[in-house]
Amino acid sequence: QVVAVSEFTRQLALAHYPVDIRVIPNGADFTHLTTENIEVNQPPRIVFAGRFVSQKNPLTIIRVLSTLKDLNWTCSMLGDGPMFEEVKAEIELQDMTDRFHLTGWVTPADVLNEFSRSDILFMPSLSEGLPVVGVDALMKGLAIVASQIGGFLDLVDADHNGYLIDLKNEAGFSSALRELISNREKLAQFRQFSLEKSKNFDIGKIVGQYEEIMNKAKLS
């Protein structure tokens with residue numbers, strides 16, 4: 001049995017290999033999670049997590065958020081990489097140092113802790129498989145604004161728990177974020193929907209699907 005982590009990667013594989021391919025997404029460990037009522041922060045907290053490289057498109061985050069200076073929000077950018085100083089310089093150029101928090105390198109536990117304090121995951125990536133940070137964001141009940149690419153298609157139900165935007169459409173990213181930042185009720189609803197959707201990615205359920213494959217292989 002051939003397995004892909006998302007429908008997007010499944011379709012990529014099918015274009016080259018005429019075999020049966022099943023989708024089993026990356027899972028997350030829910031055993032430590034205590035689900036609480038969703039409470040939107042004031043001001044809303046936006047978060048990005050990933051390597052500071054061109055594929056993650058971090059400069060777009062600053063450009064998009066520079067169009068939302070009239071709104072009250074904060075943004076944490078978690079990670080490190082070759083574009084770190086360029087990102088920092090762009091934030092200073094846009095006069096938004098008081099709005100951004102750059103953490104540098106972080107552990108997976110640090111990411112989860114920051115997600116617990118956040119409201120919106122903003123990922124304008126140029127390419128993705130099934131991003132683990134996206135699954136973690138669902139588990140922590142974050143609304144997601146992301147590029148309409150790759151595994152995000154499996155993580156975001158448009159107009160329910162987030163928005164998928166054409167990666168070249170910075171105005172679209174801006175509009176989506178403005179809608180969520182301006183409408184606390186909608187943001188709370190989106191966050192709750194993410195929390196419900198995250199149950200599809202429980203590691204126990206994922207392991208069960210792999211066990212099913214192994215058992216079938218053993219019997220064949």
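The values are calculated or read from the model by the stated rules, or taken from the named source; none is laboratory data. As the structure is a prediction and not an experimental result, all values here were calculated from the model. So basically every Cβ, Gly included, is an ideal-geometry build from the backbone, and we count neighbours across all protein chains shown. Ligands, DNA and RNA are excluded from the accessible area calculation, which covers all protein heavy atoms including side chains. Shrake-Rupley method; radii C 1.70, N 1.55, O 1.52, S 1.80 Å.
Where the second residue is open to solvent by 30 Å² or more (accessible area, probe 1.4 Å) and assigned to a strand (DSSP E or B) and the first is on the phi > 0 side of the Ramachandran plot and lies in the range 75-88, which pairs have Cβ atoms under 8 Å and are six or more apart or on separate chains? Listed by first residue and then by second, the contacts come to G79/T103.
Sort through G162, G172 and tell me the only one that's under 20 Å from I61 (Cβ atoms) and touching an Asp or Glu at 6+ places or on another chain (Cβ under 8 Å).
Working: G162 fails: touching an Asp or Glu at 6+ places or on another chain (Cβ under 8 Å).
The match here is G172.
Scanning the range 78-93 for residues that are in contact with a helix residue (DSSP H, G or I) (Cβ under 7 Å, 6 or more places away or on another chain) and of a type in the set (A, V, I, L, M), we see that the one that is nearest to A146 (Cα to Cα) is L78. When restricted to residues that are open to solvent by 30 Å² or more (accessible area, probe 1.4 Å) and either at positive phi or in contact with a Leu (Cβ under 8 Å, 6 or more places away or on another chain) (or both), the range 110-132 contains 2. Scan the range 143-160 for residues that are touching a residue at least 24 places away in the same chain (Cβ under 8 Å) and open to solvent by 60 Å² or more (accessible area, probe 1.4 Å) and the total you get is 2. Just for the range 63-89: of the residues that are among the hydrophobic types (A, V, I, L, M, F, W, C) and part of a loop (DSSP other than H, G, I, E, B), which one is farthest from the chain's Cα centre (by Cα)? Top of the filtered list is L71. Within the range 46-63, the set of residues being touching a residue at least 40 places away in the same chain (Cβ under 8 Å) and in contact with a helix residue (DSSP H, G or I) (Cβ under 9 Å, 6 or more places away or on another chain) comprises I46, V47, F48, A49, G50, T60, I61, R63.
Applying a threshold of 7 Å to beta carbon distances and a minimum spacing of six or more residues, or different chains, the list of pairs starting in the range 176-195 at a residue that is closer than 12 Å to Y163 by Cα and ending at one that is among the aromatic types (F, W, Y) and part of a helix (DSSP H, G or I) reads L180/F190.
Scanning the range 90-109 for residues that are part of a helix (DSSP H, G or I), open to solvent by 50 Å² or more (accessible area, probe 1.4 Å) and within 11 Å of I62 (Cα to Cα) gives E92, L93.
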